[in-house]
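Presented below is the structure to which this report refers.
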Amino acid sequence: MEASNKKRSAAKAAMEFIEPGMTVGVGTGSTVNFLIEMLPEIRNKINRVVSSSEVSTALLEAHGFNVSTLNEVGDYDIYIDGADESNNRLQLIKGGGGALTREKVLAFAARRFICIIDDTKLVGMLGSFPLPVEVLPMAQAMVALAMSKSTDMRGQPIWREGFITDNGNHILDVHDLQISDPLEMEARINGIPGVVTVGIFAERAADILLIGGDNGVKEIRNIGICAPRGWVNS
Ligand code: 5RP
């Protein structure tokens with residue numbers, strides 16, 4: 001089965017987690033685009049939508065949704081987004097589409113985070129996919145140097161030339177990483193001055209992973225190593 005069909009089936013499976021009256025956070029990328037196409041089918045169930053990027057906002061609006069800001073909704077029910085890689089602890093690499101910072105904010109604010117991927121993205125160890133890092137433009141070269149000089153990181157940062165994030169920043173894609181401890185690596189990279197966000201989602205991993213494959217959609221639930229975190233414990 002083609003990857004696009006696997007992505008579509010994962011997106012369809014995610015629709016079943018949306019309950020009447022919910023506010024839905026919408027991620028960014030080709031997998032989420034399938035979700036956005038299907039959301040009008042359950043428009044009556046949805047209270048409000050919030051979006052992780054200008055691209056997803058435009059698509060949602062084209063499908064007839066009014067997009068609320070996170071400041072209007074506060075903590076909310078459910079965030080659905082794709083990923084570039086997931087391990088079996090539901091820790092992720094995200095940011096292939098460059099929307100990682102807003103995605104991380106929306107994931108953090110949601111009571112439940114559902115990640116939708118095709119089966120090629122489930123990996124034993126994160127890091128084969130070049131790790132996106134959003135950086136302040138003025139700090140780009142310094143952050144790249146800090147990452148390439150770090151003896152234990154040994155990554156090769158490449159500037160995503162010509163790409164500006166929705167927040168006006170740059171992206172470094174860090175190649176050749178083997179991320180054996182995603183929590184530690186996330187904290188360490190986030191600690192470099194000039195880094196806005198690293199695309200490791202380990203502190204706030206997914207709660208449910210829906211994996212589209214040849215034989216349908218497999219569901220993996222996070223059983224607690226990475227507890228869901230929102231603004232409110234509920
Ligand atoms: C965008 C992302 C996407 O979720 C990730 O790149 C997966 O994209 P796709 O669904 O197109 O494979 O993190 O910033």
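The values are calculated or read from the model by the stated rules, or taken from the named source; none is laboratory data. Quick caveat: nothing in here was measured; it's all calculated off a predicted structure. Positions of Cβ are backbone-derived with ideal geometry, glycine not excepted, and every protein chain shown enters the neighbour counts. Side chains included, ligands, DNA and RNA excluded: accessible areas come from the protein's heavy atoms. Shrake-Rupley method; radii C 1.70, N 1.55, O 1.52, S 1.80 Å.
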What's the extension gain from residue 183 to residue 203 if we count 0.36 nm per residue and subtract their Cα-Cα distance? 6.6 nm
Accessible area per residue for segment 131-198 in Å², computed with a 1.4 Å probe and the full protein assembly in place, what is it? 51 Å²
Please compute the length gained on full extension between residue 161 and residue 16, using 0.36 nm multiplied by the number of residues separating them and subtracting their Cα-Cα distance. 48.3 nm
Take the eigenvalues of the Cα gyration tensor for the chain, scale each by 5, and report the square roots as semi-axes in whole Å, largest first. 28, 19, 17
Taking all protein chains as present, what is the carbon and sulfur share of the accessible area of segment 131-198, in % to the nearest whole number, probe 1.4 Å? 56 percent
List the lysines whose Cα lies under 20 Å from the Cα of residue 104, skipping any in the same chain that are fewer than 8 positions away. 94, 121
Loop-only check: which trypsin sites (Lys or Arg not before Pro) in segment 1-79 are DSSP coil with at most 10 other Cβ within 10 angstrom? none
Solvent-accessible area per residue, Å², over segment 1-84 with all protein chains present [probe radius 1.4 Å]: 44 Å²
Ignoring ligands, DNA and RNA, how do 120, 165 rank by accessible area with a 1.4 Å probe, largest first? 120, 165
Cα-based helix-to-principal-axis angle, 3-15 vs the chain, degrees rounded to 10: 60 degrees
Give the residue list of chymotrypsin sites (Phe, Trp or Tyr not before Pro) in segment 152-213 that are DSSP loop and have at most 16 other beta-carbon atoms within 10 angstrom. 163
Please give every one of the aspartates and glutamates within straight-line cross-link reach of residue 6, meaning a C-alpha to C-alpha distance under 19 Å, and leave out same-chain neighbours fewer than 8 residues apart. 16, 37, 81, 84, 85, 118, 119, 214, 219
Inter-part gap, Cα centre of segment 20-53 to Cα centre of segment 128-169, in whole angstrom, is 30 Å
Which residues does the label zone of residue 175 cover in segment 118-137, counting backbone N under 19 Å from a point 7 Å along Cα→Cβ? 126-134
Just the number: Rg to Rh for segment 98-215, Cα atoms, Kirkwood Rh, two decimals. 0.97
For the chain, longest principal axis from Cα atoms; helix 140-149 axis from its Cα atoms; angle between them, nearest 10 degrees, is 70 degrees
